[in-house]
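Single-structure report; data block below.
Bear in mind that the values in this text are calculations on the coordinates, not laboratory data. Since the structure is predicted, the reported quantities are computational estimates derived from the model, not experimental observations. Methodologically, a virtual Cβ is constructed for each residue, glycine included, from the backbone with ideal geometry; neighbour enumeration extends over all protein chains shown.
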Amino acid sequence: MKNIYSTGAAAVMMAAMLIMLFIPSSCVSEKDDDTPLWSLATGDKVPGFHVTLDDGSLFSLSDIEHSICLIFFFDIDCSDCRTALPELQRTAQRLVEKGMADVRVICISRGGDPGAIAEFWTRNSLTLPFSAQPDDRVYRLFANRIVPRYYVTLPGNPPVIGAYTTILWPASDAVRTISGLR
């Protein structure tokens, strides 16, 4: 009887370890990391950067100088990011419905395989413009850890961060915040 129990317990432990290996964890849990957290905050200048979007167009600091932008940093291996992306899609749709189609919503990966990111976008019927970055070079201009991460930028010379958050941001809250920044 003892051997059957031990074998069963070992099988459960092995299954749990396999699940932990193959089910991506939340990146918000990076809050427990001992590395001091660094991030741009409201009022900080937007750093100079440029990325190529999925349609081949360039998105850069000059785009941010002329319009309000919501920049979303994500990782498709992060469960919180996978939850946040459909809600961000709803945010973009609500902005258009509320007459704020001039607000640009741009998604930038914190790294990852560009092909896997494009496949994820297609599989999940996402239409948001995105830049699949193979590394975290652009992300590190904004923060050193934790995704999902949202930055709303305000136009100007120089453009500044109008708001930012790492919590899952419901579309209604995001639209209300952006409306208040206009």
Cα→Cβ-extended label distance, 7 Å offset, between L53 and Q93, nm: 1.9 nm
Skipping prolines and chain starts, which residues have an amide H placed within reach, meaning under 5 Å, of the one on V160, given they are 5 or more residues away or on another chain? V46, L154
So if we plug the beta-carbon distance of S62 and R137 into 1/(1 + (r/R0)^6) with R0 = 22 Å, what FRET efficiency do we get, rounded to 0.05? 0.70
Given backbone amide H placed at 1.01 Å from N, residues whose amide H is under 5 Å from that of V105, ignoring those fewer than 5 places away on the same chain, are L70
Based on the alpha-carbon gyration tensor of the range 75-182 and its eigenvalue square roots a ≥ b ≥ c, which shape applies: rounded if a/c is under 1.5, prolate if not and a/b is larger than b/c, or oblate? oblate
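Which of the peptides 57-67, 144-154 is most tightly packed, and how do the rest follow, judged by the mean count of other Cβ atoms within 10 Å per residue? Spell out each step's value before the answer.
Numbers: 57-67: 14.8, 144-154: 22.2.
Output ranking for 57-67, 144-154: 144-154, 57-67.
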